[in-house]
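The values are calculated or read from the model by the stated rules, or taken from the named source; none is laboratory data. These figures come from a predicted structure and were not determined experimentally. As a convention, Cβ positions derive from the backbone with ideal geometry for all residues, glycine included, and neighbour counts pool all protein chains shown. For the accessible areas, the whole protein counts, side chains as well, though only heavy atoms, and no ligand, DNA or RNA atoms are used. Shrake-Rupley method; radii C 1.70, N 1.55, O 1.52, S 1.80 Å.
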Amino acid sequence: YYFNTEAHPVIQGTDNQWLESGKTENLDAAIAGVKSLCPDGGTSLNAAFDVIRKLNPKPDSVVLLTDGLPTQGGSRKRGGTVTGEERLRLFNVAVKKLASHVPINTFLFPVEGDPAAAASYWELAILTNGSFITPSRDWP
């Protein structure tokens, strides 16, 4: 799955389905789907976490790739900028709605000007028994 203001499966037509990772065609389709993505709009962790809540059975682990705190909530905000405080509030609201007992393993590729992101995702890792990784400034 990928998300911006909404979450969608990387492979079209596979909403709320588990796919066999051992099937080469699934991996090839997922890679092709990711390569065709282009950032658009804001980001809503609510949208991403909604997918986790809907999956049956629940995932035993989630890998979250992100560049910072969300800029959108449950409904799309129109115009203007989002302050750091607003982004932190959006993050906390999304985390409260997260399915319990699902470890969230975050890879944070930080952008400048989002100082609360690292601490927030680190706390999420602790809360969910997940992990948190962020590359060093000179990566790669």
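From the list 84, 73, which one is surrounded by fewer than 17 Cβ atoms within 10 Å (Cβ to Cβ) and either farther than 17 Å from residue 10 by Cβ or touching a Phe, Trp or Tyr at 6+ places or on another chain (Cβ under 6 Å) (or both)?
The match here is 84.
For region 52-70, which positions are open to solvent by 20 Å² or more (accessible area, probe 1.4 Å) and part of a helix (DSSP H, G or I)?
53, 54
Report, by residue number, each residue of region 88-140 that is touching a Pro at 6+ places or on another chain (Cβ under 7 Å) and open to solvent by less than 50 Å² (accessible area, probe 1.4 Å).
90, 91, 94, 102, 117, 118, 128, 130 - these are the residues of region 88-140 that are touching a Pro at 6+ places or on another chain (Cβ under 7 Å) and open to solvent by less than 50 Å² (accessible area, probe 1.4 Å).
Between a first residue in region 41-56 that is under 20 Å from residue 19 (Cα atoms) and a second residue that is open to solvent by less than 20 Å² (accessible area, probe 1.4 Å) and modelled with pLDDT of 90 or more, which pairs have beta carbons less than 6 Å apart while being 6 or more apart in sequence or on different chains?
Listed pairs, sorted by first residue: 49/94; 52/102.
Report the residue count in region 21-42 for those that are open to solvent by less than 40 Å² (accessible area, probe 1.4 Å) and either on the phi > 0 side of the Ramachandran plot or within 15 Å of the chain's Cα centre (by Cα) (or both).
1
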